Structure formats: structure tokens, C-alpha cells
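Asks: Just dropping this structure here.
Nothing in this text is a laboratory measurement; each read-out follows from the coordinates by a stated rule. On a predicted model such as this, the values are computed, not experimentally measured, just so you know. A quick note on method: Cβ atoms are made from the backbone with ideal geometry, for glycine too, and the neighbour counts reach across all protein chains shown.
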Amino acid sequence: MDYRVVQDINTVCELLDISKAQLAEELDISRITLDNWLSGKADISNIKVDEFYELVFSSGIRLNRIKEQLYREDIDREKEVLLFHGAKTKLTGNLSIEYSRNNNDFGHGFYCGESLEQSAMFVSGFPASSLYIMSFKTNNLRGKVYGVDRDWMLTIAYYRRRLGEFAESSVIKRLIDANSDIDYIVAPIADNRMFEIIDLFIDGEITDEQCRHCLSATNLGNQYVFKTGKALSGIEIKEHCYLSTSEKKYYLTSRQEAVEMNRDKVKLARRQYRNKGKYIEEILK
């Protein structure tokens, strides 16, 4: 187990202003057992790890957010960026792009986000999921940055296999070829709601301008997509963070609330930009 449970126990006792004996009582263990955990003489069971982090979250302490803030203060922002990776289980061995699916937003790659909450949100529905805090240095690497624009929409639609008959268009081939020698990509995150909007554009129901503004209304922040081993070598894992059951429920609830709010934004954007821009057949003909 590579969670920093011992360090977190000491931190939480200080934040809650409780003694080790009081914490042991809360966890229904003896003080000797807790001392053995802290000294490394005994391993902490998975059940007790979960109970501990449940206690932390239910006590109002957002430990992972506190860690995020502290790491942000420590990094050299001129040379590196703080990132987060939500894992369905945990990472094993060296970081790799080999196990990534072809139909992700930008195909094969190792995906991270700029937001702790968004990264945790995407994996909170899995029982054994967890979160990694990482830093990334861009030295001597070739990167490409996308905005919420037509190129981003079409590139994602291609990799997500939503273009159908348009996949062989010269415009699409140009977009995909432009990424052939890129080490990493920075681009807006796309979720299922965004795919629904992109599908409306691909199906000819809305224009590129309507699509772009609808997608901007559902903006989830940026993701980093690492496409080469050289790019992965610029990543340093800072910490593996535990996600308790209550914390996962919190993120899932937040996500649903955001989805409901974004539906109204999309309706307004679609109406406001009606008949503005071009339909997909005009762009890719």
C-alpha cells in the first residue's frame, strides 16, 4: 500500500486537535495497534484505511484538496505544471501509453487533468479508484495546445470514431497528420455530454459556431495527453491519494449538478448562435 496513511494520521490529529488515543477510539482499535501502525511494526488493513479516510471526510476535512493547495505552492510554475490522474484501480510499474484505448479523445496516450475534482470525478464510480498528484516539466518537448474551436471538435470526433463518411476528408487528414510528431497535447476535456453536442454537429443539426459555443458552456477545464515515452519521462508522481466512499459520492453529486446546470447553458447557446457558422458538409466537402 503506497498511500501516505501514517503521515495523514499525524496531520489529521493536528487538524482535528485530537490525541492519538482519541483517534484509536474513533477507529475502534487499541492505542498499541495505532502505535504499531505509526512505527511501521504492523500494516494497516484495507478496512481500517477506508474507515480512517471516511472519518476524515465526514469530519469536514478535505484532505486531498489541502494537499493540492500545498503542492501548488511548492512547484516552480515557470518550469512545471501540477496535474492529476484518476485511476480505476492503481498504477503499476512505469507509466505507459500502451494500455490506452484507441478511441480516447486523442487516441493512444496517458491522460491527466489540471483539476483534482474533475480527475477524481471521472473515476468516482469505480469501487477501487484512487487519485494521483503529479508534476510535469515540459523541457525540450514538443507540445500542442487546443482551444474550444473547430480543430479540437473535429479531431476529437475523428478519434472517437464519430465522423463516419467524413473521416477520409483532406481536412481531417491534415488535422491528424499535424499531431504525428507531438510529444504531448493540452486540450479541453470532453465528456459524454460534449460528445452528444459534437454528434449534433456531425449529423448536420447545428453549425460549428453553435457547437463551439455549446461546448464552451460545458467547459470542464484542460487535460494533458502524453503521446510519447519522452513526454512521460517529464512526469513525477508526487503522491497517491485515497478516495473514500463519501468523497466519491460528493464528486458524483457535484458532477450531476454541473450537468443539469450546463443543459440550460447549452440551450441558450444553441438558440443565440442559430444560423451562424458553417455546417459540417460545408467545411469538409
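Asks: List, in the order given, every pair from K48/K79; K67/K137; K90/K249; K227/K278 whose Cα-Cα distance in the structure shown is over 27 Å.
Replies: From the list (K48/K79; K67/K137; K90/K249; K227/K278), the Cα-Cα distance tops 27 Å for K48/K79; K227/K278.
Asks: Under a 10 Å cutoff between Cα atoms, tell me which one of L83, L34, L163 has the largest fluctuation in the Gaussian network model of the chain.
Replies: Fluctuation is largest for L34.
Asks: Straight-line reach from K230: which aspartates and glutamates have Cα under 15 Å away, leaving out those fewer than 8 places along the same chain?
Replies: The qualifying aspartates and glutamates are E98, D181, D183.
Asks: Between I66, I185, I237, find the one with the highest GNM mean-square fluctuation for the chain; connect C-alpha pairs within less than 10 Å.
Replies: Maximum among the listed residues: I66.
Asks: Something else: Suppose the chain between L175 and R77 were pulled fully straight at 0.36 nm per residue; how much longer would it get relative to their current alpha carbon spacing?
Replies: Between L175 and R77, full extension yields 32.3 nm more.
Asks: Would you mind listing how long segment 5-58 runs along its three principal axes, going by Cα atoms, in whole Å with the largest first?
Replies: Between the extreme Cα coordinates on each principal axis of segment 5-58 lie 26, 20, 19 Å.
Asks: Label-point separation (nm) for E205 and E281, each offset 7 Å from Cα along Cα-to-Cβ?
Replies: 1.7
Asks: Ratio of alpha-carbon Rg to the 2.2 N^0.38 Å globular estimate for segment 60-114, to two decimals, please.
Replies: That works out to 1.42 for segment 60-114.
Asks: Right, here's the next one. Take the Cβ-Cβ distance between I32 and T89 as r, set R0 to 35 Å, and report the resulting FRET efficiency rounded to the nearest 0.05.
Replies: 0.60
Asks: Compute the relative contact order of the chain as a whole-number percentage, counting only Cα pairs closer than 8 Å that sit 6 or more residues apart in sequence.
Replies: Relative contact order for the chain comes out at 23 percent.
Asks: Right, another one. Given 37 °C and 0.692 mPa s, how large is the Stokes-Einstein diffusion coefficient of the chain in µm²/s, with Rh as the Kirkwood radius over Cα pairs?
Replies: Estimated via Stokes-Einstein, D reaches 156 µm²/s.
Asks: Round to the nearest 0.05 the FRET efficiency obtained for E236 and D50 when R0 = 22 Å and r is the Cβ-Cβ distance.
Replies: For E236 and D50, the calculated efficiency is 0.20.
Asks: Mind listing the Cα extents of segment 123-220 along all three principal axes, in Å, largest one first?
Replies: 40, 36, 22
Asks: For segment 1-130, treating each Cα as an identical point scatterer without solvent, what Debye log10 I(q)/I(0) comes out at q = 0.09 1/Å?
Replies: After summing over all Cα pairs, the log10 values are -0.35.
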